[in-house]
Amino acid sequence: MFGLEKPAGQQKPGRSGGLPKMASVGDFTVLSSSIPATEIIFISFFYRNLLDRDTFSKSDPICVLYTQAVGNKEWREFGRTEVIDNTLNPDFVRKFIMDYFFEERENLRFDFYDVDSKSPNLSKHDFLGQMFCTLGEIVGSQGSRLEKSIVGIPGKKCGTVIVTAEELGCCRDSVLMQFCANKLDKKDFFGKSDPFLVFHRSNEDGSFTICHKTEVVKNTLNPVWQAFKISVRALCNGDYDRTIKVEVYDWDRDGSHDFIGEFTTSYRELSRGQSQFNVYEVINPKKKGKKKKYVNSGTVTLLSFLIETEVSFLDYIKGGTQINFTVAIDFTASNGNPSQPTSLHYMNPYQLNAYGMALRAVGEIIQDYDSDKMFPALGFGARLPPDGRVSHEFALNGNPQNPYCHGIDGVMEAYYRSLKSVQLYGPTNFAPVINHVARYAASVKDGSQYFVLLIITDGVISDMAQTKESIVNASKLPMSIIIVGVGPAEFDAMEELDGDVVRISSRGRFAERDIVQFVPFRDYIDRSGNHVLSMARLAKDVLAEIPEQFLSYMRVRGIKPSPAPPPYTPPIHVLQTQI
């Protein structure tokens, strides 16, 4: 029946489990459930004063949701609500469930129709208007509640739509589990086994993805493993009945670990806790096929199962935390003369330069989480008019008392104006702009604001020691730093600032948190020349760590989210749903 079929596309293509395939069993490290900062949310719809296209009654509205593929302009139907009879103020019951990635720009389009027949062909029904937004706009609005006008019919007031987003409960749950085993098969010639467990989550296509490995317990057939914590999303993608496969191995130094056996379970079974239901026979299929008297290769027992509800990034955003975005652009002479096509600052009238692409890629996502859309834009490494003094912390709009620009378009305009008024010079100093943002971040430590600084640069840093000290000091503040390297230069020294491998330090003091992400833009450029795809790839990589860096600050400081505004409750009126 039209409008009542199962909505298409409820799972994004290519994201069957939302978790990339992890290390193989042979690459032994104790593996925790490190996963992308992804939430699964549902979207609700309430509409007011829709256009009336029926002559003798009110409209029978339906909403159709479309999403846009990354890198092109194609809109794909994601799902449809039910049809509601004879109303201009429908409150739809059907909700859309979507994956939410902070680091991705998810364009949404809502089309509204007045249903005139049972035909699923939308062209057979009256168009009532449409609304465009991003998923980030909905999430980043106060209380994750966005109200926008419906447009699309010239000269007509088409009404308004209220869209709300809510995080699914299973996304915030983690479980703390502990296992032991008894009478496992002996695999080592001169000793007992060195067993460890490998947990796999099943995917939609029937494949399995490793989501956790325990530590190795040496020289025993009756190991007791340490308790470990894993998110419910990583363990079963929030599906309590999804198969979880557990393999038991005997560790070998050369990586050729011996398979002891396996068993399957589910989150629902595990949630029963320690009981006779959670004692599992470890089965080796090859042995079972060869030996008639084979019983098992030992047993594994669940010792404890504790559910913990985690505070999420979206809890803070919904509670009103604002993300303040600042950009700092490199105006050193090594970029080349902006009037020449070979310059990294060249203002090509037909396409963005590398600085513009990096700025838009990151800024257009972060701006959804800043209510006033006013962004400080700074430059460094230039000689300023009228006296030619060198500055490493100047306002792109020429106003040092108020360096704010309205929206990313305003930042781009100020950047282009600066290129015409300042003289590119040097050296490449980062510390002044880091300290600039740090001064603001130091004044707001209550969790109501978080600061993100984007530095775009073409060359090797000149003030490494001062920059390290600035980063170590900033690691105690509510801020993160993204550094994007543009152009062909070697950026080896920049890797030292990105604390993924070795935590950055200065004069014997280590950074409290890892707050820096560095990437060279050339690694993300699409070979076919699709700049939209290049920008999406860059944003995905540099922004993916922001939610966890944000949460790490809040956890260390013991800051809880502010209470979210009460959920929107539509006025009560009688609705008849079409069957």
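The values are calculated or read from the model by the stated rules, or taken from the named source; none is laboratory data. Remember, it's a predicted structure, so these values are computed and weren't measured experimentally. Every residue, glycine as well, gets a Cβ built from its backbone with ideal geometry; the counts of neighbours run over all protein chains shown. With ligands, DNA and RNA removed, areas are computed over all heavy atoms of the protein, side chains included. Shrake-Rupley method; radii C 1.70, N 1.55, O 1.52, S 1.80 Å.
Summary of values
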read-out	value
Whole-Å semi-axes of the ellipsoid equivalent to segment 38-167 (Cα gyration tensor, √5λ, descending)	25, 15, 14
Square roots of five times the Cα gyration tensor eigenvalues for segment 314-458, Å	27, 17, 12
The chain, helix-only ellipticity at 222 nm - DSSP H runs n ≥ 4, -39,500 (n - 2.57), divided by all residues, nearest 500	-5000 deg cm²/dmol
Carbon and sulfur %, accessible surface of the chain computed with the full protein complex present, 1.4 Å	52 percent
Alpha-carbon centroids, segment 195-263 and segment 545-562: separation in whole Å	29 Å
Kirkwood Rh and Cα Rg combined as Rg/Rh, segment 382-499	0.96
Tail weight of P(r) past 22 Å, computed on alpha-carbon pairs of segment 270-360, percent	68 percent
Neighbour net charge for Phe92 - beta-carbon separation under 14 angstrom, K R +1, D E -1	-1
Over 21 Å between alpha carbons, listed pairs Lys420/Lys540; Lys118/Lys157; Lys187/Lys288	Lys420/Lys540; Lys118/Lys157
Lys156 versus Lys290: modelled label distance in nm, points set 7 Å from Cα along the beta carbon direction	7.5 nm
Dipole magnitude (debye, nearest 20) for segment 173-309, charges at Cβ of Lys, Arg, Asp, Glu	640 debye
Charge dipole (debye, nearest 20) of the chain; +1 at Cβ of Lys and Arg, -1 at Cβ of Asp and Glu	1160 debye
Gain on full stretching of the segment that runs from Glu269 to Asp446 - 0.36 nm per residue minus C-alpha separation	59.6 nm
For Tyr416, net neighbour charge (Lys/Arg +1, Asp/Glu -1) across residues whose Cβ lies under 14 Å away	+1
Between segment 87-140 and segment 465-483, the Cα center-to-center distance that results, in Å	42 Å
For segment 173-309: span of alpha carbons on each principal axis (Å, largest first)	45, 32, 29
Efficiency of FRET from Cβ geometry, Lys58 and Lys420, R₀ 51 Å, rounded to 0.05	0.35
For segment 38-167, accessible area per residue (1.4 Å probe, heavy atoms of protein chains only), Å²	40 Å²
Cα-based reach from Lys287 at 19 Å (exclusive), listing aspartates and glutamates while leaving out same-chain residues under 8 positions away	Asp185, Asp188, Glu247, Asp250, Asp258, Glu262
Extreme residue, positive dipole direction of segment 445-555, given options Ser534, Gly447, Ile515 (C-beta unit charges)	Gly447
DSSP bridge orientation in segment 307-443 - percent antiparallel, rounded to nearest 5	65 percent
Along each principal axis, Cα extent of segment 321-376, largest first, Å	42, 24, 13
Label of the coordinate-derived value, Cα Rg over 2.2 N^0.38 Å, listed as (1) 1.35; (2) 2.60; (3) 1.13	(3)
Solvent exposure of segment 295-358 as accessible area per residue, Å², 1.4 Å probe	39 Å²
Reachable lysines from Lys156, criterion Cα separation under 22 angstrom, eight or more residues apart if same chain	Lys58, Lys124, Lys148
